[in-house]
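Have a look at the structure below, then the notes.
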Amino acid sequence: MSMQTRMWKKLNHPQKNDEAVREAAQLLLDQQVVAFPTETVYGLGADATNKQAVQRIFEAKGRPSDNPLIVHVSDRAQVESLTTEIPPVAAELMDAFWPGPLTLIFHSNGAAAENVTAGLGTVAVRMPDHPLALALLKAADKPLAAPSANRSGRPSPTTASHVYQDLDGRIAGILNGGSTGVGLESTVLDITADIPVILRPGGVTKEDLETVLPRVVVDPALAGGTEEAPKSPGMKYKHYAPEAPLWLVEGKDSFFAETLAACKARGERVGIIASRELADAIDHDRIIRCGSRRHLSEVAESLYGALRAFKEADVDVILCESFPETGVGAAVMNRLNKAAEKKVKDQ
Ligand code: TXA
Ligand code: MG
């Protein structure tokens, strides 16, 4: 597979009749795939009602076909066009959190292509909070299936150049909207059960959901330690892997410093991903700072860029700080646990 990938100029105030947006929409109507920014990460879009177009997403990413896709919409009518019914709880959640980083699982009416839903009978839908994503959705006038626009297994892209690194020559085009804001993917919430279940923690936190829902639970399979496979099929695959092995270090800053010293004593070249607080406390030259440990939204925003920053040629191992699992920290630690080859804990 090799094709010319269009890179349009960065759009700061996108409209649905901008030339770049119209060209990208036309490619989508021609069953091609186009990457676009959302408020979470860049997505790789295709017409969600067209099986052949959706197939191209799986080919471009190298994605396993049993992993279903999120359908992006720009209005409620498109939600109705994809689902058997919109339960009252969904209406409340959409009022509270859309557009925004919350994906809802509905019963599918079969309008989404079968490879979008992986034959599950349900369909994942969200309305992204990004002017360029919304302009593209309106110009194409189709719901768009869009997974994160990375090669399968890699960290999700938070800039157009991350998309280019992974998918140049494999997709029809990339719309550039600069850096994404949230930095981690949407929360996936299953509302087909009596009690809503968080299948993937994300930008809308459990605490946020509890302001609207009387009860919400986290899929027990996410915590690990159970025999059950996670209900969100994508959660079982290796994910977000940087080029060098990542060790997730848990303990006091002094324990992190000891772990670093032990690596150096073995002659290993070490890269570090740390909060500014930890970075200030240790003496090392290859550190990527990912915001403050007291402001976990900063960590979320910069995490994927940090995971992409260390190249195989430069480091033997990446040591990464562990963060509290409150608020968006739950999503940060979910991704880091998946990215990690090994966890190192203070005894
Ligand atoms: O923020 C996001 O959600 C980004 C942007 C581009 O919108 N998209 C994204 O898509 O992260 P993706 O494909 O990388 O992740 C989709 C997740 C996977 O874990 C998948 O298994 C789950 O949603 N999913 C999709 N449809 C589902 C369904 N019907 N039932 C359960 N899980 C589903
Ligand atoms: Mg993904």
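The values are calculated or read from the model by the stated rules, or taken from the named source; none is laboratory data. As the structure is a prediction and not an experimental result, all values here were calculated from the model. Counting neighbours? That spans all protein chains shown, and the Cβs are built from the backbone with ideal geometry, glycine included. What goes into the accessible areas is simple: the full protein's heavy atoms, side chains included, and nothing from ligands, DNA or RNA. Shrake-Rupley method; radii C 1.70, N 1.55, O 1.52, S 1.80 Å.
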Residue under question is GLN32, and the condition is that it be more than 29 Å from VAL299 (Cβ to Cβ), touching a residue at least 60 places away in the same chain (Cβ under 8 Å) and surrounded by fewer than 22 Cβ atoms within 10 Å (Cβ to Cβ); does it hold? yes
What pairs come out if I take residues in region 134-159 that are on the phi > 0 side of the Ramachandran plot and outside any strand (DSSP E or B) and pair them with residues that are of a type outside the set (Val, Ile, Thr) and more than 9 Å from ligand 1 (Cβ to nearest atom) whose C-beta lies under 6 Å away, six or more apart or interchain? GLY153/LYS238; GLY153/ALA241
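Yes/no matrix, rows are residues, columns are (1) in the same structural domain as GLU23 (by TED's automatic domain parsing); (2) in a helix (DSSP H, G or I); (3) touching a strand residue (DSSP E or B) at 6+ places or on another chain (Cβ under 9 Å):
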| residue | (1), (2), (3) |
| --- | --- |
| ALA46 | yes, no, yes |
| ARG56 | yes, yes, yes |
| GLU59 | yes, yes, no |
| VAL71 | yes, no, yes |
| GLN78 | yes, yes, yes |
| GLU92 | yes, yes, no |
| PRO99 | yes, no, yes |
Could you check region 269-347 for strands (runs of 3 or more DSSP E) lying wholly inside it with 3 or more residues that are out of contact with any Lys or Arg (no Cβ under 7 Å at 6 or more places or on another chain)? 317-321, 342-345
Can you tell me how many residues within region 52-70 are away from ligand 2 (no atom under 16 Å from the Cβ) and open to solvent by 10 Å² or more (accessible area, probe 1.4 Å)? 3
Looking at VAL21, VAL73, which one is farther than 17 Å from ILE171 by Cα and open to solvent by less than 50 Å² (accessible area, probe 1.4 Å)? VAL73
For THR326: the one exception among (1) open to solvent by 60 Å² or more (accessible area, probe 1.4 Å); (2) over 30 Å from PRO101 (Cα atoms): (2)
Among THR49, THR84, the single one that is away from ligand 2 (no atom under 16 Å from the Cβ), under 22 Å from LYS16 (Cα atoms) and open to solvent by 30 Å² or more (accessible area, probe 1.4 Å) is THR49
For the subset of region 289-306 comprising residues that are open to solvent by 80 Å² or more (accessible area, probe 1.4 Å) and in contact (Cβ under 8 Å) with a residue 12 or more places away in the chain, which member is farthest from ALA241 (Cα to Cα)? ARG294
Those residues that are under 19 Å from GLU301 (Cα atoms), open to solvent by 10 Å² or more (accessible area, probe 1.4 Å) and near ligand 1 (Cβ under 10 Å from one of its atoms), I need them from region 189-216; list them, please. ARG200, GLY203
Quick test for you: out of VAL163, VAL182, pick the one residue that is assigned by TED's automatic domain parsing to the domain that holds PRO101, touching a residue at least 60 places away in the same chain (Cβ under 8 Å), touching a strand residue (DSSP E or B) at 6+ places or on another chain (Cβ under 7 Å) and β-branched (Val, Ile, Thr). VAL163
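Here is a yes/no grid of residues against (1) modelled with pLDDT of 95 or more; (2) within 14 Å of ligand 1 (Cβ to nearest atom); (3) over 30 Å from ALA340 (Cβ atoms):
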{"position": "ALA77", "(1), (2), (3)": "yes, no, yes"}
{"position": "GLU80", "(1), (2), (3)": "yes, no, yes"}
{"position": "LEU93", "(1), (2), (3)": "yes, no, yes"}
{"position": "HIS107", "(1), (2), (3)": "yes, yes, yes"}
{"position": "PRO128", "(1), (2), (3)": "yes, yes, no"}
{"position": "ASP141", "(1), (2), (3)": "yes, no, yes"}
{"position": "ALA146", "(1), (2), (3)": "yes, yes, no"}
{"position": "VAL163", "(1), (2), (3)": "yes, yes, no"}
{"position": "ALA172", "(1), (2), (3)": "yes, no, yes"}
Here the residues within region 161-176 that are open to solvent by 20 Å² or more (accessible area, probe 1.4 Å), assigned to a loop (DSSP other than H, G, I, E, B) and touching a Lys or Arg at 6+ places or on another chain (Cβ under 9 Å) are ARG170, ASN176
List pairs: first in region 248-263 and closer than 22 Å to LEU303 by Cα, second part of a helix (DSSP H, G or I) and not basic (Lys, Arg), Cβ under 6 Å, 6+ apart or cross-chain? LEU248/LEU336; VAL249/PHE256; VAL249/THR259; ASP253/LEU278; ASP253/ALA281
Could you go through region 114-122 and let me know if any residue there is within 16 Å of ligand 2 (Cβ to nearest atom), surrounded by fewer than 24 Cβ atoms within 10 Å (Cβ to Cβ), among the aliphatic types (A, V, I, L, M) and not in a strand (DSSP E or B). yes
When region 333-347 is examined, which residues are found to be in contact (Cβ under 8 Å) with a residue 24 or more places away in the chain and in contact with a Gly (Cβ under 9 Å, 6 or more places away or on another chain)? ASN334, ASN337, VAL344, LYS345, ASP346
